[in-house]
Amino acid sequence: MQNSEVFILAIESSCDDTAAAVLHNDKVLSNVVANQLIHAQYGGVVPELASRAHQQNIVPVIDAALRKANISKEQLSAIAFTQGPGLMGSLLVGSSFAKSMALALEIPLVSVNHMHAHILAHFIDEEGFEKPSFPFLALTISGGHTQIVQVNNFFDMTIIGETTDDAVGEAFDKSAKILGLPYPGGPLVDKHAQLGNPKAFAFTKPKVPGLNFSFSGLKTAILYFVQKKKLENPDFIAENINDICASIQYTIVEILMDKLKLAVKETGINQIAIGGGVSANSGIRKAIKDSEQKYGWKTFVPKFEYTTDNAAMIGIVGYQKFLSQQFETAAVVSKARIQF
């Protein structure tokens, strides 16, 4: 189905950010995100508070997205929304609004897998950014997921490696918490790491067979390391924060790159695309770009605003599904866990 005037309204509400975007075909006209600051005082996302905040934010966010795109709701071709995975209460706010609006406007409804969207964000038409060609390997890294995915086409993806316990984003955030950094700690670890020596302290990399990951052992090793050093010197963290963060980040990046090298060797695919919130990390971005020179890979790093949770990535999947007429009825249900 080809149409040069496809306008997709996309809604993302899987966790604690309420987001809406408008796409004209594969080009983003607006991408609005409302963050929820209330969770910082609790050291993590509180599901009940998140769903309440989504209810407060969703109307003004969608209104802002339409106004910024300079189109009316009557021009919309379809509405895409995040079906899962995510927090159930948060997902329900987005899906309920999407269903109601699609029904009222009598336009198609499109459901989107949040993890597919992180991967396909690379197909947004953005000046200065090249789109990968099929097949390619996608490293999707976020607070809840760590996956290596073989992507054969828009709707044919296979997970070939994933975490057996914690996700990489959790490893960053828990390490930050051990160091006394506020939530969300991952970006702060990155900030300090850029000022430190990555070889200052050595952390053992977990030995996990195949393409799977494990980060729980590394978190424990960091905890014991910090506890031991603080007994020797109560000011150890304050005096060495940059070097500690740099060493933690270096170890995590090494773990990810080791698995990617193995995936390239096993599949013969040397096109690598990264996605997910943790792909905003400067150390990971640098390692991926450096691999072009080191290993001859072709790499794809998304625009910063398309790495963290956003609705533009939901919209690009919605656009591709619109072209192939993969629509839903109002009976579609949100799923906290969804088949990849």
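Among the residues of the stretch 182-210, those that are in contact with a Ser or Thr (Cβ under 8 Å, 6 or more places away or on another chain), open to solvent by 40 Å² or more (accessible area, probe 1.4 Å) and over 17 Å from ILE241 (Cβ atoms) comprise ALA202, LYS205, PRO206.
One line per residue, one yes/no per condition, for (1) part of a loop (DSSP other than H, G, I, E, B); (2) without any contact (Cβ under 8 Å) to a residue 60 or more places away in the chain; (3) open to solvent by 20 Å² or more (accessible area, probe 1.4 Å):
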{"residue": "LEU262", "(1), (2), (3)": "no, yes, yes"}
{"residue": "ILE284", "(1), (2), (3)": "no, no, no"}
{"residue": "SER291", "(1), (2), (3)": "no, yes, no"}
{"residue": "GLU305", "(1), (2), (3)": "no, no, yes"}
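Looking at VAL301, VAL278, which one is at pLDDT below 95, surrounded by 23 or more Cβ atoms within 10 Å (Cβ to Cβ) and within 21 Å of the chain's Cα centre (by Cα)? Just a single option satisfies the conditions, and that option is VAL278. Without any contact (Cβ under 8 Å) to a residue 24 or more places away in the chain, touching a helix residue (DSSP H, G or I) at 6+ places or on another chain (Cβ under 6 Å) and not acidic (Asp, Glu): is that true of LEU181 in this structure? It is true that LEU181 is without any contact (Cβ under 8 Å) to a residue 24 or more places away in the chain, touching a helix residue (DSSP H, G or I) at 6+ places or on another chain (Cβ under 6 Å) and not acidic (Asp, Glu). Give me the residue from the stretch 90-127 that is in contact with a Pro (Cβ under 9 Å, 6 or more places away or on another chain), open to solvent by less than 20 Å² (accessible area, probe 1.4 Å) and not in a helix (DSSP H, G or I) and, out of that set, nearest to GLY315 (Cα to Cα). Here the residue is ILE124.
Reported count of residues in the stretch 86-137, each being touching a residue at least 24 places away in the same chain (Cβ under 8 Å) and within 20 Å of ASN57 (Cα to Cα), is 16.
Scoring ASN242 on the criteria (1) polar (S, T, N, Q); (2) touching a Gly at 6+ places or on another chain (Cβ under 7 Å); (3) in a loop (DSSP other than H, G, I, E, B) leaves a single failure, condition (3). Report whether or not HIS114 is under 22 Å from PHE322 (Cα atoms) and in contact with a Ser or Thr (Cβ under 6 Å, 6 or more places away or on another chain). It is true that HIS114 is under 22 Å from PHE322 (Cα atoms) and in contact with a Ser or Thr (Cβ under 6 Å, 6 or more places away or on another chain). Among the residues of the stretch 51-61, are any over 19 Å from ASN31 (Cα atoms) and either free of Cβ contacts under 8 Å to residues at least 24 places away in the same chain or crowded, with 21+ Cβ neighbours inside 10 Å (or both)? The answer is yes, given that some residue of the stretch 51-61 is over 19 Å from ASN31 (Cα atoms) and either free of Cβ contacts under 8 Å to residues at least 24 places away in the same chain or crowded, with 21+ Cβ neighbours inside 10 Å (or both). Condition check for GLN249 on (1) open to solvent by less than 20 Å² (accessible area, probe 1.4 Å); (2) in contact with a Gly (Cβ under 6 Å, 6 or more places away or on another chain); (3) more than 30 Å from GLU130 (Cβ to Cβ): one failure, at (3). Looking at this structure, is ILE62 in contact with a helix residue (DSSP H, G or I) (Cβ under 6 Å, 6 or more places away or on another chain), within 22 Å of LEU9 (Cβ to Cβ) and modelled with pLDDT of 95 or more? Answer is no for this residue.
List the number of the failed condition for PHE213; all other conditions in (1) over 15 Å from SER142 (Cβ atoms); (2) modelled with pLDDT of 95 or more; (3) open to solvent by less than 60 Å² (accessible area, probe 1.4 Å) hold. Just one mismatch for PHE213, condition (1). Within the stretch 227-240, the residues that satisfy the criterion of being of a type outside the set (Phe, Trp, Tyr) and surrounded by fewer than 18 Cβ atoms within 10 Å (Cβ to Cβ) are GLN227, LYS228, LYS229, LYS230, LEU231, GLU232, ASN233, PRO234, ASP235, ILE237, ALA238, GLU239. A count restricted to the stretch 309-340 and to residues that are part of a loop (DSSP other than H, G, I, E, B) and crowded, with 22+ Cβ neighbours inside 10 Å stands at 4.
The values are calculated or read from the model by the stated rules, or taken from the named source; none is laboratory data. Keep in mind that what you see is a predicted model, and the values were worked out from it rather than measured. Here the Cβ is made from the backbone with ideal geometry for all residues, glycine too, and neighbour counts use every protein chain on show. Calculation scope for accessible area: heavy atoms of the full protein, side chains included, ligands and nucleic acids excluded. Shrake-Rupley method; radii C 1.70, N 1.55, O 1.52, S 1.80 Å.
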